[in-house]
Amino acid sequence: MDGSPFIDVLVEFYYWDPETGNAVKFDERYTDVNGHAESSITAKYDWGCKWVDFAVYLPDYDKWGTTHRLRVEYRTRLTLAVPDRVIVGKEFTVRGKLEYEEFQNKWYPLSGRVVNIYIYPVGGVERKVGSATTGADGTYTFSHVVDESGTYIVKVVFPGTGATAILSLISMKALDVAKTFVKASAVLGGVSGAVGVSKYIYNKTRNPALSFAAGMAGFIGGSVAGALASSIILALARAKAVRR
């Protein structure tokens, strides 16, 4: 042997059925000018969670190549649900479901598996905050609290196959939520007051100018009323925060 490549040599490709143990030929190719031959095969659904052996055979030389053993896993998918907004210091729940595809487009719950949960600020360092185990129906839940306001990334990973689900959420302080409510209440109250008064005056007088003036007065009155009512809620929120 001078080390030259075997050119135009027939190579047969085999796998061993994990159920029967029988060798199954799935392809044959001839070697190229470099002595290489390669093939591919799509993993079968009934190979899921099993070891499958592969090898090549050279019929012209009655020689088998080295056997390679591969672990075949099912395809998995992972869902994730979190609130759009959460309150700083208040517990919220991360939930979802882990499934595997046993047959094409046939998905089933994958129970008793651990998924890892990562929660960290956008642009920050990825940080694992805990893990959860899927139940009989494939679902998982995990409770967490964030300490700062901002936008966060929530990522769940199933290490078995690397299946990943990612969402984002916004964390706000309780008083910020109350302030936003006050502003919204003032605007909505003003609009409601303006429309109501303007429509009433126009129906009575059919005078557009008078109706417009009355509408502006209604807007101011409605804004004050809306802001006053929601400010009471804000004051209560502040008092509650102080007591804490």
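Using the structure shown, list the pairs from LYS50/LYS128; LYS50/LYS155; LYS44/LYS97; LYS90/LYS128; LYS50/LYS106 with a Cα-Cα distance above 22 Å, or answer none.
Distance filter (> 22 Å) returns LYS50/LYS128; LYS50/LYS155; LYS44/LYS97.
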Inset, instruction - Measure off 7 Å from each Cα along the Cα-to-Cβ vector at GLU126 and ARG95, then give the distance between these two points in nanometres to one decimal. - result: 2.7 nm
Legend entry - Within the range 4-45, backbone nitrogen closer than 20 Å to the virtual label 7 Å beyond the Cα of GLN104 toward Cβ: 26-27, 40-45
Inset, instruction - Would you please give the FRET efficiency between THR139 and VAL24, computed as 1/(1 + (r/R0)^6) with r the Cβ-Cβ distance and R0 = 35 Å, to the nearest 0.05? - result: 0.35
Legend entry - Spacing of the two label points (7 Å from each Cα toward its C-beta) at LYS63 and SER39, in nm: 1.8 nm
Inset, instruction - Could you pull out the GluC sites (Glu not before Pro) across the range 1-108 that fall in loop regions by DSSP (anything but H, G, I, E, B) with no more than 15 other Cβ atoms inside 10 Å? - result: GLU19, GLU38, GLU73, GLU91
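Bear in mind these aren't lab numbers, they're just calculated from the coordinates by the rules spelled out. Just so it is clear, the model here is predicted, and its values are computed rather than measured. Here the Cβ is made from the backbone with ideal geometry for all residues, glycine too, and neighbour counts use every protein chain on show.
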